[in-house]
Amino acid sequence: MRLDDLHRLMDEAPVFSLAKLRVERGHVPALYTRLKAFPEVAAVHVMTLLYQGFQESIAGMIQFFTWILIGFAVAIAAAVIYNSARVTLSDRGGELASLRVLGFSQGTAWGLLFSEVAGPVFLALIPGAGLGLFLSWLSSRLVHTEQFQFPLRVSGETFALSVLVLTGTLAAMGLWLWRAVRQLNLVEALKTHE
């Protein structure tokens, strides 16, 4: 059926509710301006601009939450490493002070203490990365709906950032341990315990 016959049959003026146009990129701004000038045109949408705006807003939101999660990761890693360092220093403080009295350098005592704290942290990197990858995959599957799909894309930069965060936290704890080893009470270590 011809469009004119349809309008006459429906007793309507020639009205369109939607028009999809394919326009060359260079002509989009001029056509947009021209269509917006017509009072009969209620709305003009450029799909590429809508899609680009959607992607930018989603990317900004994901980046914002990524930094929040990095903050939580740093706080949790710092708390776990700090707790481990405190327990190790409490257990080994007398032994480390005895080593200092016997002539070992502060660096040697610190190295023994730091390796005892850092060893499990570095051993946990690979299983932690695998667990993080699995949890990311699981969350992307749980969010997957007909309207939204968030594909899982994990790059080497993601793992490098996690190692960098953990190593930075460990380095800060290493500085704290250096200070703690320097302040060990050597006189207390010389006293014999019964």
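Residues to consider are Ser115, Ser155; find the one that is closer than 26 Å to Gly71 by Cβ and among the hydroxyl-bearing types (Ser, Thr, Tyr).
Details: Ser115 fails: closer than 26 Å to Gly71 by Cβ.
Just one listed residue meets the conditions, Ser155.
For segment 116-175: of the residues being among the hydroxyl-bearing types (Ser, Thr, Tyr), farther than 27 Å from Val87 by Cβ and within 16 Å of the chain's Cα centre (by Cα), which is least open to solvent (accessible area, probe 1.4 Å)?
Going through segment 116-175, the residues among the hydroxyl-bearing types (Ser, Thr, Tyr) turn out to be 136, 139-140, 145, 155, 158, 162, 167, 169.
Remaining after also requiring farther than 27 Å from Val87 by Cβ: 136, 139-140, 145, 155, 158.
Imposing the further condition that a residue be within 16 Å of the chain's Cα centre (by Cα) reduces the set to 136, 139-140, 155, 158.
Details: Ser136: 44, Ser139: 58, Ser140: 12, Ser155: 53, Thr158: 71 Å².
Among them, the one singled out is Ser140.
So for segment 146-154 (the condition being aromatic (Phe, Trp, Tyr), under 30 Å from Gly93 (Cα atoms) and out of contact with any helix residue (DSSP H, G or I) (no Cβ under 6 Å at 6 or more places or on another chain)), does at least one residue qualify? Break it down stepwise before answering.
First, the residues of segment 146-154 that are aromatic (Phe, Trp, Tyr): 148, 150.
Subsequent filtering for residues that are under 30 Å from Gly93 (Cα atoms) retains none.
Checked segment 146-154: no residue is aromatic (Phe, Trp, Tyr), under 30 Å from Gly93 (Cα atoms) and out of contact with any helix residue (DSSP H, G or I) (no Cβ under 6 Å at 6 or more places or on another chain).
Say we look at segment 26-47 and pick out the residues that are in contact (Cβ under 8 Å) with a residue 12 or more places away in the chain and more than 26 Å from Asp4 (Cα to Cα); which of these is nearest to the chain's Cα centre (by Cα)? Spell out how you get there, then give the answer.
The first filter runs over segment 26-47 and keeps only residues in contact (Cβ under 8 Å) with a residue 12 or more places away in the chain, leaving 28, 32, 44, 46.
This time we only want the ones that are more than 26 Å from Asp4 (Cα to Cα), so: 28, 32, 46.
Working: Val28: 37, Tyr32: 38, Val46: 32 Å.
Result: Val46.
Could you tell me how many of the residues in segment 74-105 are basic (Lys, Arg) and under 19 Å from Leu170 (Cβ atoms)? Show your work before the answer.
Step one: filter segment 74-105 for residues basic (Lys, Arg), giving 86, 92, 100.
Right, trim to under 19 Å from Leu170 (Cβ atoms) and you get 86, 92.
Of the residues in that region, 2 qualify.
In segment 23-62, which residues are assigned to a loop (DSSP other than H, G, I, E, B) and not aromatic (Phe, Trp, Tyr)? Walk me through it before giving the result.
Let us first name the residues in segment 23-62 that are assigned to a loop (DSSP other than H, G, I, E, B), namely 23-24, 38-46.
Result: Val23, Glu24, Pro39, Glu40, Val41, Ala42, Ala43, Val44, His45, Val46.
The values are calculated or read from the model by the stated rules, or taken from the named source; none is laboratory data. Source: prediction; values computed, not measured. Reconstructed Cβ throughout: ideal geometry from the backbone, glycine too, with neighbour counts over all protein chains shown. When the accessible area is computed, the model is the full protein with side chains, heavy atoms only, and any ligands, DNA or RNA have been set aside. Shrake-Rupley method; radii C 1.70, N 1.55, O 1.52, S 1.80 Å.
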